[in-house]
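Contents: one structure, followed by commentary.
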Amino acid sequence: MKYLVWFGGLLASVIIGVYVLAFTPFGNSIFKPMIETKIRQETKLDSKLTKFSLNMSEFSVVLELDSNNIIYADGRYSLFSQAFNISYRVEMDKLDGLKTLTNAPIKGRLHTDGDVKGDVSYFIVDGKSDVASSETTYHVELTQLEATSIIANIKDLKLAALLEMLGEKQYASADIDVDLNFKNIVAHALDGDVKLTTKNGKLNTKVMKKDFFIIVPPTDFVMNLDAKLKGDDINYKYKLLSNLFKVDSSGKVRPTPLNMNIKYALDIKELELLKPMIGADVRGAFRLDGKANGSKNNLVVDGKSDVASSDTSFEVVLKEFVLKKVKLSVKNLQLSRVLYMVEQPPYARGIFSLDADIKDATNGKLDGVVSTKIKSGRVNSKYMSKTYGFKTPMPKTTFSMTTDTKLIYNIINTKVKLHSNLANLNIRKASFNVDNASLLSDYKVSIPDLDKLYFATDRHLRGNIVIDGELKKAKDLDLTIYTKVAGGKIDALLHNDDFHADIKAIQTLDALHILIYPEIFKASMNAKLDYNLLSQKGNLKGDLIDGKFTTNQVLDLVKQYANVDMYRQIFKGNVGAVINKEKIIASLNLKSNTSSIKTKNTKINTKRKTINSKVEISANSNPITVGLSGNIEDPQIKIDANKLLKRETKKVINKEVNNLLKSLF
């Protein structure tokens, strides 16, 4: 009995101690700083409990997160039944002071108040709020501390205020009404509906222009969402209408596991509006509609569009939202419209078509075919001439093109045929390796009339040319060039910026014919050219053999007055040039048994089209010195031939010497 009394006394002392510590002003004063310290640690704010009162059945608390954000709560509770009836009021007048608590750049103010009634197993929250300047009421039911029902009514929520509260710029404004009536939000037993409407919606054109440098016309919009939730399914209808774009979608969605059967339609009057969202420079109108049907493991999306005045349709299959199959058909797409839409200059116009059937779009397992065609193509010659500063207008240029592509594992093989009235391009096989982004391609370019390129070369030319070779692009760029021209051939290689050409057995008479120069010197030339595209520096070294002059007045006069027949002489020698951008220093040394033609340090400026040269001609020890200066097409000529010719013959030589020297250079 003594022990029982002792144990009872000890238990009574403990109960009294706990009561004194927990439920009396003395105990509250002990716990208050401890609770304040814990709150400061969790919120990382200088929070204060300006009021903390707790007894066996009632409590009252005022928590100042800071001087502008205060939480009030008071009510009654029962320790034994775990029931409670609590009133709360939250006055957040400066949300940006709570960044350490929210980890988000929120701004503005938020007030809410209400009551919490029930017990730990089931309780109800009823309240009202002015979130984003709205009139909001809410009713939430929680079972075992998990929400099971939500009913909320939001009137006139201001979109601009909501964006500001969330730390976003006010790209748009609108008044939003929302009705939530979720009788049950337990997973797999959903029962409720959502209705959302907006009115007075407007895009903020000033902010759009300032942030994204795009000018958007005044844009009004309205939006409606009506969704019904039942079991695992959500049936919805959604519309977004504005004077620039429209979005329409409806159907059934099952979130878990994801399954959908929906329709969609998109009608955009001005794509430029989407620039801030898609990060691309696009403009113009765009329309698209179609369906999406299937699950996360196998989702089929199809659609059709009239993009760029085309007839376009597609079907794609996604697995785990990764593209697996593609079927795409594009008919009669207008190139000029595409260039306009992607904000590119009006280079050309034409009609583009595409057919693609990709059975497997998986990287490393590619399997499919793609074919394209351009017909009725026409280059915008006027624009090209102006843009690239052609001195002579580019001629009317028409073209057509076809490509055929096969996708095999990690390789994309493409065949290209391009026909135009200026040049033709034929690629039998261009292979692109997706894994290492390398390219290997053959090519063949044929130009049936070189003179049609006068607008680009600024020089009239005769004849035609065919060039073929191979292009390799991996770590380095290698381009081989092979062509037969002027009775000889040129083999060249471009390695990154370094260009090397071997010129073999070029017949000068044929070359002069192509260049439309006087055909007065016949020889065979071998040469090597090395040139760096980046530094624009290089050199040319060549040899001339079996050289003979054709009839011209200069050598006729030499024959007449010096009694030397240079026509019968065979010349050989070398030609060279050092290239430094537009500046060229050239040399020439031709010799026969009895005569010679020499020049060194001839200065040519291709940009200014000037020449400064001194040419020494020796006909059987009879000298003629010729000086050239000024415009390379019509230079000033000074001749010193007093030792050889009579004064009256100089006038005749002046007319012919320019032609002679052109043939040699």
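Here, each number is a calculation from the coordinates, and none is a lab measurement. Quantities reported herein were computed from a predicted structural model and do not represent experimental measurements. Note: ideal-geometry Cβ built from the backbone for every residue, glycine included; neighbour counts use all protein chains shown.
If a spin label sat at a point 7 angstrom from the Cα of ASN261 along the line to its beta carbon, the backbone N atoms of segment 214-245 nearer than 20 Å would be those of 226-238. For the chain, relative contact order (Cα pairs under 8 Å, six or more residues apart, normalised by length) works out to 3 percent.
Adding -39500 (n - 2.57) for every DSSP H run of four residues or longer, then dividing by how many residues the chain holds, sets the calculated 222 nm ellipticity at -5000 deg cm²/dmol. Reported to the nearest whole Å, the Cα centre-to-centre distance from segment 475-525 to segment 356-414 is 30. Please sort through the DSSP H helices of the chain and keep those with an alpha-carbon extent of at least 20 Å along the long axis and a Kyte-Doolittle average not below -0.5. The answer, listed by residue number, is 2-23, 650-664. Given a cut-off of 19 Å, name the pairs among LYS375/LYS415; LYS429/LYS473; LYS209/LYS386; LYS537/LYS598; LYS415/LYS472 whose C-alpha atoms lie farther apart than that in the structure shown. In this structure, LYS209/LYS386; LYS537/LYS598 lie more than 19 Å apart at Cα. The stretch between ASP177 and GLU616 holds 148.4 nm of extra length on full extension. This uses 0.36 nm per residue minus the Cα-Cα distance. Stretching LYS581 away from MET56 to a fully extended chain increases their span by 179.4 nm, per 0.36 nm per residue minus the current alpha-carbon distance.
Under the simplified labelling scheme, the LYS607-VAL247 pair shows an inter-label distance of 5.4 nm, with each label point 7 Å from Cα along Cα→Cβ.
Pairs over the 29 Å Cα-Cα cut-off, from the set LYS331/LYS417; LYS452/LYS583; LYS269/LYS396; LYS269/LYS417: LYS269/LYS396; LYS269/LYS417. Seen from ASP281, the other residues with C-beta closer than 9 Å to its C-beta sum to a net charge of 0, counting Lys and Arg as +1 and Asp and Glu as -1.
Placing unit charges on the Cβ atoms of the charged side chains and taking the dipole of the chain about its Cα centre, the candidate lying farthest along the positive direction among PRO345, VAL316, ILE39 is PRO345. With R₀ set to 45 Å, the beta-carbon distance separating ALA73 from ASP211 gives a calculated FRET efficiency near 0.60.
From the square roots a ≥ b ≥ c of the eigenvalues of the alpha-carbon gyration tensor of the chain, which class results: rounded (a/c under 1.5), prolate (a/b over b/c), or oblate? It is prolate, given that a/c is not under 1.5 and a/b is the larger ratio. Dipole size of the chain about its Cα centre, with +1 on Lys/Arg Cβ and -1 on Asp/Glu Cβ: approximately 3980 debye, rounded to the nearest 20.
Evaluated on segment 510-613, the Kirkwood hydrodynamic radius is 15.3 Å, with distances taken between all distinct Cα atoms.
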